[in-house]
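**Student:** For reference, the structure I am asking about is given below.
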Amino acid sequence: MTTRLYVGNLSFDSTEDSIIEAFEQDNRRVQSVTIMTDRETGRPRGFAFVDMASEDDARSAIEALDGAELDGRRLRVNEAQERQPRSNNRPARGGGGGGGRGGYGGGHGGGQRGGW
């Protein structure tokens, strides 16, 4: 098990201090907290990585905090996964067109929809 945890569904109001306070309950030790932010706006993206001091601390944090509430949101806490390398040298963002539904009516199929 790794000591790095993924913390998802964070409130945009959560701070490093509020995360540390939650994770250090029950004598767990936090080494660092990294709140991920948007590169362009600097606003929080709603998730963070927390590095715990030991695997036992990491396990305890997952058991205690996955589904717990912090700053009005229910947290998702689990082991952080290594990022998979990108293939085909594609850019990370943007996405390009393709795949539209074409035709009239947006491709919803035939028939009428009731209740409108």
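**Student:** Could you tell me how many of the residues in segment 43-88 are within 21 Å of S11 (Cα to Cα) and modelled with pLDDT under 95?
**Tutor:** Final tally of qualifying residues: 0.
**Student:** I've got another one for you. Criterion first (out of contact with any Leu (no Cβ under 6 Å at 6 or more places or on another chain), touching a residue at least 24 places away in the same chain (Cβ under 8 Å) and surrounded by 15 or more Cβ atoms within 10 Å (Cβ to Cβ)) does S54 satisfy it? Give the steps one after another, and end with the answer.
**Tutor:** Details: out of contact with any Leu (no Cβ under 6 Å at 6 or more places or on another chain): yes; touching a residue at least 24 places away in the same chain (Cβ under 8 Å): yes; surrounded by 15 or more Cβ atoms within 10 Å (Cβ to Cβ): no.
Answer is no for this residue.
**Student:** For segment 9-23, check the following and say yes or no: at least one residue is over 16 Å from E63 (Cα atoms), loosely packed, with under 12 Cβ neighbours inside 10 Å and touching a strand residue (DSSP E or B) at 6+ places or on another chain (Cβ under 6 Å).
**Tutor:** Checked segment 9-23: at least one residue is over 16 Å from E63 (Cα atoms), loosely packed, with under 12 Cβ neighbours inside 10 Å and touching a strand residue (DSSP E or B) at 6+ places or on another chain (Cβ under 6 Å).
**Student:** Can R45 be described as touching a Ser or Thr at 6+ places or on another chain (Cβ under 9 Å) and more than 12 Å from L5 (Cα to Cα)?
**Tutor:** On the way: touching a Ser or Thr at 6+ places or on another chain (Cβ under 9 Å): yes; more than 12 Å from L5 (Cα to Cα): yes.
So R45 passes the test.
**Student:** Taking segment 38-85, which residues are out of contact with any helix residue (DSSP H, G or I) (no Cβ under 7 Å at 6 or more places or on another chain) and at positive phi?
**Tutor:** Our first condition is that a residue be out of contact with any helix residue (DSSP H, G or I) (no Cβ under 7 Å at 6 or more places or on another chain); within segment 38-85, this holds for 38-47, 49, 51, 53-59, 62-63, 66-69, 72-74, 76, 79-85.
The answer is G42, G46, G67, G72.
**Student:** Taking E69 as meeting all but one of (1) within 22 Å of R83 (Cβ to Cβ); (2) within 18 Å of the chain's Cα centre (by Cα), write down the number of the exception.
**Tutor:** (1)
The values are calculated or read from the model by the stated rules, or taken from the named source; none is laboratory data. Here the structure is a predicted model, which is why all the values come from computation and not from measurement. Glycine gets a Cβ as well: all are built from the backbone with ideal geometry, and neighbour counts include every protein chain shown.
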